[in-house]
Amino acid sequence: MEKNIFHVITLHKNFINELVIQFWSDMRLLEFEGKDIFQEFEINVPERILIEQRKDLDEAVEKIGFPMVLKAQVPLGGRGKAGGIKIVERESEAEKAVKELLDNEIKGHPVNYLLAEEKLDINREMYCGIVGDDKNGSPEIIISSEGGINIEEIAEKSPEKIKRKRVDPYKGLKPYQCRNLAKELGLEKDGFKAFSEVLFKLYNVFEGCDAKLSEINPLVETNDGKFLATDSKIIMDDHSLFSHPKFEKKKDRHIEDELEREGSEKGVNYVDLDGNIVVMANGAGLAMALMDLINKIGYSPAAFLDTGGGLSEKRMEDSLNLLFKKAHRDEGVKAILATIRFMISPPDAMVKGLKNALQKKNVDVPLILIVRGRKRYVDSAKDLLRDTDIEIYTDIEQGVKAIKEHISER
Amino acid sequence: MEKNIFHVITLHKNFINELVIQFWSDMRLLEFEGKDIFQEFEINVPERILIEQRKDLDEAVEKIGFPMVLKAQVPLGGRGKAGGIKIVERESEAEKAVKELLDNEIKGHPVNYLLAEEKLDINREMYCGIVGDDKNGSPEIIISSEGGINIEEIAEKSPEKIKRKRVDPYKGLKPYQCRNLAKELGLEKDGFKAFSEVLFKLYNVFEGCDAKLSEINPLVETNDGKFLATDSKIIMDDHSLFSHPKFEKKKDRHIEDELEREGSEKGVNYVDLDGNIVVMANGAGLAMALMDLINKIGYSPAAFLDTGGGLSEKRMEDSLNLLFKKAHRDEGVKAILATIRFMISPPDAMVKGLKNALQKKNVDVPLILIVRGRKRYVDSAKDLLRDTDIEIYTDIEQGVKAIKEHISER
Amino acid sequence: MGMLIDSRSKVLVQGITGRLGKKQTKLMLEYGTDIVAGVTPGKGGETIHGVPVYDTVQESLEHHDIEISTFYVPAPSVEDAVNEAIEAGIEFGVIISDWVPYQDEMKIKRAALNSEKFRYIGPNTPGIAIPDEIALGMLSSPSVMTDGNVAIVSRSGTLTDEIAEELTERGIGQSVVMGLGGDPIVGTRMVEAVEMLEKDDETEVIVLVGEIGGTMEEEASEFIKENGTKPVVSFLAGRSAPKQKQMGHAGAIVRGVKGTIKSKIRAFEGAGVEVAETLWEIPDIVEKHL
Amino acid sequence: MGMLIDSRSKVLVQGITGRLGKKQTKLMLEYGTDIVAGVTPGKGGETIHGVPVYDTVQESLEHHDIEISTFYVPAPSVEDAVNEAIEAGIEFGVIISDWVPYQDEMKIKRAALNSEKFRYIGPNTPGIAIPDEIALGMLSSPSVMTDGNVAIVSRSGTLTDEIAEELTERGIGQSVVMGLGGDPIVGTRMVEAVEMLEKDDETEVIVLVGEIGGTMEEEASEFIKENGTKPVVSFLAGRSAPKQKQMGHAGAIVRGVKGTIKSKIRAFEGAGVEVAETLWEIPDIVEKHL
């Protein structure tokens, strides 16, 4: 039932649309959260009950009855094919399905919630989505008279079934524009009206949530002419979560690794990996480039840590502590490679943080530090670190190659 | 402290501004209601307690202390000069003032509420208001570095102290535009910032309330640099009250006359007057023209009733019932003059309503009916009314002049 | 009134399937108005009194040449419907709907000004009609109008109609009968109507019908004083309206320099416009100028 | 890079009294950048490192000729500050602020396109610099840059700076060092930068620094393939980034036809752009083209 969002871009002058699927790092709401928002914005959604544990099933049976659809709540597409959706006809079946779904993972994601829904008599499935057009500075409306699991295939094989319209974000989308779009899909009568109203409301969701994407796929027309969103996809924008405190708190809920969670809490971007060299830098691009170098010399990254800009004493200390914990937890870690570029801030804070962390260092893994950037800051950093026993390089190639010696020594 | 809104229009090409004060028929919120809205929109307002009866004063004394300002809550300007504002220094004074204010009327308006407020140390008074520019289809921002009771005088004598800007309602007012306006007033430092923020919020009030006007006069800067709205004026739009149900219910609260209230409840516009001829028509302009004719022939209108368009059986019946009640209540009423123009609806419904009302008519006052408009409807109306004993005219002059004979007969 | 409408105008009715839209479509057709299409979202494919209904204005324009739209849509949807018409290319709108929110009226006005092409009368107008040619809206006057050279421009609904009938009864024909709309923000202000009528060859005398409140009469007077060439006769409703009492949703109680009956009479008289004191005086005065 | 900035450019700093604005104003002044004014609402009348502060951009323009503004204002106010600059007539913006809400970035882009005059880089850009002429933003590279003929255009912050230093260490000077900004919606896309550099007389070789996610590299490749005349060298960060793991707020994990490192390498190579495998290979390849 679930499918990735699609973001169609036109690169060739001959208008061949290519399909690019992007997963930004922002929070994707779970289906039930999105449906609660849809309901707030008066988009019709099926009768549903959230199931967190076995006993919630009773309420679902009472309110929804059978047949009942049970859907694993995971923030990714393709859950249907991965066994995350079950249709059950009676209570015993439902109990079994609930147990199975809650016990298992979907593509590595634990299932903490199920959504129990009425099974609808579906006449047809449509699609509507609002997504930002990064090149044009506009929300783009994308709609299709066919939707559901095959939306990408439809987009690829029958692009004429898909209609798109860019909207000036300062002007918004007006109801009559929704009607003109619905007309382009060839809709008529009540379906025409219902679809254009849903589209208008979906735009309100996009704006109201400061979302990067709001999507209904499929938008279902039942045999008795009702229009319901049987799935929801809303991708929130990390940068505007401050105005949506309800979701701000939930941001980290999918982080399973405890070090990754600690990183998130401390405001640094830590990614746990399986290799032997831990990599840290004050910038994501630089850290990625370092990872690539590690690979290049025949090792593999054990973790990635981007401290972000404006490196404070505390951030430096927290970052190193995190890496030491990683080295402690994971015996495979052979070395820590940290690169700091001094751009606008003097090294004092960073050095203090580093020294604080070193005092508590309880693992016997070498720390190789590369300092680069504004010359007077680099010199000052080397000076301030003279009394420590860490190895300091001012050249990346040398620093990276030093790792080899360290490891062969051990 | 209170002053009428001002709406400056430029009629002459030599840019002489003339002052026009308009009271539309829409609901003006009371000061405390407006301040509650200001608070919702994060505009600072003084500490305040609403007083409906003597015992509410205790809370005010506790929360506000002395000196305390007591302000009669009436929906009109000039209440200060009319004795509606009292500053009290101690409890005994306060008690006396509360009693006096609640017992008396301000310019004919009963005082049901007082607002008790802290007395501020005022450094200066400013003005800001948002009002619709009817010719340009835009909200117009009007601000002044001087405000308060003399704002009209300032506008007239020192128009350079007043800055105005029109805003495209589709684009709204942006914070930077508020700053540019504040700069035009010559404001600086914290005052500059505070004023521009208040202006931005006041625009949000205008938009958020679908108001016809939102105004702070005066906007006070205290000696310790705080900016507070010490008065509020919000004029709501009757036509958009459906989206503000909280205020929709309050719409009729200032109607004292019970027949006027009944009219409002029945959806007709009834105005009670002191003369001897009751006037009714299906249109305000026509009804006013009839009133003028009544005056012209030496009588005076005893009531004005505009049934509005699309005259249904029920509306006709309700309207006449109201007029019969008026005639019953007021012995001075000598005749009822009703004029119905048939524009697009056949007369059947109107005739039914009229007959229903006649059956219950319990006053001995002649009803003179003038029917005009689409010929075939007029003929049909006359036909349908043949079995009643009311006088029917198809010429306004004749109808009006018939009143004279009726009255001289009696 | 060739600038806005004439017998060749092709007309759309937005909101044609509503009670009022349906009823008035019938009356307009009876008068000979060339209504070629109607629009109601979701009702595309139906016909109302033989007129085909479409879901969108754009769709109706794909099947017909249309210059004019009349609006009978519910108040909260008027702003959207007008924008739809503007974007589709409609040139003149007659907004019959009343009870339109004030800020929506502001937006409609702005959208029209922004478009630089779309003109309109209303909201809350009874409509506009040219005898024997075309009737748009809910005026009953077509049934009593005769062709002639007197233009009526009015702020009031029933009164517009009434005065047209008064003139006809006295054998005075009309070049156009036009309600500006009773709301504070209208598409065509009195002065704009006068400017148009100054250029209209069919019109010899202009009758302006005003009422208390607003400043449209004063504005029109300024223009007439400086640029008027045709005789103008006026009538003002509300001479006896007491201050501080509201006389209906069209009216307004006004205090101050302008907006009162006195200021309007002064303005008209200053511009050489004779002011009729009673309804039945209007034909007398008009006759003098023919 | 004469089209956007040069040593004669007069610069404004919006948000000059903030911690970062203040600090960077000092560094930019040290480099010789001609910062003539700053803006922070409510701080008008102060001076920061000798630079006069105004309450509004408009006011600063009444006292100075200014073409460029750098933005250090807090994220939620960036959209408003940029609109203020556009309306006041600023021609080029360097938006340093990061963490700008996505929909605000969309609006900034639209406002710039609507203005038809205002161009910008960022948000979340480290800035732009021309050796010995001007530095805007937080790049440290001015301290290590030397004048030359290699342009660096980069999606990454620290990496931009790093590569400039790598080139300088190898004795290769730069014509311009430019960070595009790490957010999804940036003012100047890679392809637009390449188009400008094609016309820039000072630039002989272009270094493009990309990373996984987005489609900017593919887009630039299309242009280079069809219209490129200057040698282009590229570097891509994130070759070893595992799928489904997020590598920071600048980065994005991308699956599908485009956006992957593979698709970017294929695009670059198809356009004749050599792709450096490691940071230290970049100067080697650049040298071949000088």
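Details
- Among the listed pairs A:Lys99/A:Lys250; B:Lys35/B:Lys163; A:Lys249/A:Lys296, a Cα-Cα separation exceeding 31 Å is found for A:Lys249/A:Lys296.
- Mean-position separation - Cα centroids, region D:12-34 and region B:81-156, in angstrom: 47
- Under 20 Å from A:Lys107, Cα to Cα: aspartates and glutamates that are on another chain or at least 8 residues apart: A:Glu2, A:Asp26, A:Glu31, A:Glu52, A:Asp231, A:Asp252, A:Glu256, A:Asp257, A:Glu258, A:Glu260, A:Asp272, A:Asp274
- Lysines whose Cα lies under 18 Å from that of A:Lys382, excluding same-chain neighbours fewer than 8 positions away: A:Lys352, A:Lys355
- Karplus 3J(HN,Hα) series, Hz, for region B:97-106 with 6.51 cos²θ - 1.76 cosθ + 1.60 (x for Gly, Pro): 5, 4, 4, 4, 5, 6, 7, 9, 9, 10
- The two copies D and C are related by a rotation, and the chain D beta carbon nearest its axis, with distance in whole angstrom, is D:Asn114, 7.
- Tilt relative to chain D, helix D:261-270 - C-alpha long axis, 0 to 90 degrees, to 10: 80
- Taking label positions 7 Å along the Cα-Cβ direction at both A:Glu256 and A:Lys401, the computed distance is 4.1 nm, reported to one decimal.
- Relative contact order of region A:47-119, defined on C-alpha pairs under 8 angstrom at six or more residues apart (%): 47
- Residues with amide H under 5 Å from that of B:Gly132, placed H, sequence gap 5 or more: B:Glu140
- Relative contact order (%) - criterion: Cα under 8 Å, at least six apart; region: chain A: 12
- Distance in nm between pseudo-label sites at A:Glu248 and C:Lys288 (7 Å out along the Cβ direction from Cα): 7.5
- Distance from region A:351-385 to region A:265-335 (C-alpha centre basis), Å: 15
- Counting every other Cβ atom within 10 Å of each residue's Cβ, D:Val53, D:Val11 order from fewest to most as D:Val53, D:Val11.
- Using a Förster distance of 51 Å, the FRET efficiency for A:Glu59-A:Glu313 (Cβ separation, nearest 0.05): 0.50
- Pairs beyond 31 Å (Cα-Cα), from C:Lys10/C:Lys109; C:Lys26/C:Lys230; A:Lys201/B:Lys201; C:Lys109/D:Lys109; B:Lys63/B:Lys193: C:Lys26/C:Lys230
- Here the Karplus relation 6.51 cos²θ - 1.76 cosθ + 1.60, evaluated at θ = phi - 60°, turns the backbone of region A:173-182 into coupling constants of 9, 9, x, 5, 5, 5, 5, 4, 5, 4 Hz, with x for every Gly and Pro.
- Relative contact order for region C:11-121, counting Cα pairs under 8 Å that sit 6 or more residues apart, in percent: 23
Values quoted throughout were computed directly from the atomic coordinates according to the rules given, and no laboratory measurement underlies them. Since we're looking at a predicted model, the values are computed, not measured. Reconstructed Cβ throughout: ideal geometry from the backbone, glycine too, with neighbour counts over all protein chains shown.
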